[in-house]
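J.: The structure is given below, and queries will be raised subsequently.
The values are calculated or read from the model by the stated rules, or taken from the named source; none is laboratory data. Quick caveat, the model's predicted, so the values are computed rather than measured. Cβ placement follows ideal geometry from the backbone for every residue including glycine, while neighbour counts extend to all protein chains displayed. Areas reflect the complete protein model, heavy atoms only, side chains present, ligands, DNA and RNA absent. Shrake-Rupley method; radii C 1.70, N 1.55, O 1.52, S 1.80 Å.
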Amino acid sequence: MAKTLEMTFLSDMGKPSKLTIDNPKEPIDPIAVKAAMDQIIAANAFVGNGGDFVQAQGARLLERNVTDYDLV
């Protein structure tokens, strides 16, 4: 089962942008995630599709099941 931590930021233009981290360390610590998001914003480390990140909007852990089938 693949897991991904998805962090959503709001840009200075009011548009959401997402950053994802594959196989995050669990259990997820919401305080640490918020602190990391605040550091990303303060460092202006990324520019999203709608401008600079200005606010941490949310985070969530996604789980995905993948089943491969051998097509003979």
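J.: Going by amide H atoms built from the backbone, whose H comes under 5 Å of the H on ALA59, apart from near neighbours?
T.: Amide H neighbours of ALA59, under 5 Å, 5+ apart: THR8.
J.: Could you work out [θ]222 nm for the chain from helices alone, using -39500 (n - 2.57) per DSSP H run of at least four and dividing by all its residues? Round to the nearest 500 deg cm²/dmol.
T.: -6500 deg cm²/dmol
J.: Now, a different point. For the chain, what does the relative contact order come out to in percent, with C-alpha contacts under 8 Å and a separation of six or more?
T.: Result for the chain is 47 percent.
J.: Roll a 1.4 Å probe over the protein heavy atoms and report the accessible area of ASP12 in Å², nearest 10.
T.: For ASP12, the solvent-accessible surface is approximately 90 Å².
J.: Considering only protein heavy atoms and a 1.4 Å probe, what is the carbon-and-sulfur percentage of the accessible area of the chain?
T.: Of the solvent-accessible surface of the chain, carbon and sulfur hold 53 percent.
J.: Describe numerically, in nm with one decimal, the distance between label points set 7 Å from Cα along Cα→Cβ at GLN57 and at ALA35.
T.: Simple spin-label model gives 2.6 nm for this pair.
J.: Could you work out the equivalent-ellipsoid semi-axes for segment 2-64, taking the square root of 5 times each eigenvalue of the Cα gyration tensor, largest first, in whole Å?
T.: Each semi-axis is √(5λ); the values are 21, 13, 9 Å.
J.: A follow-up question, please. Given a 1.4 Å probe and heavy atoms of the protein chains only, how would you sort LEU71, LEU10, LEU61, largest accessible area at the top?
T.: Heavy-atom accessible area, descending, gives LEU71, LEU61, LEU10.
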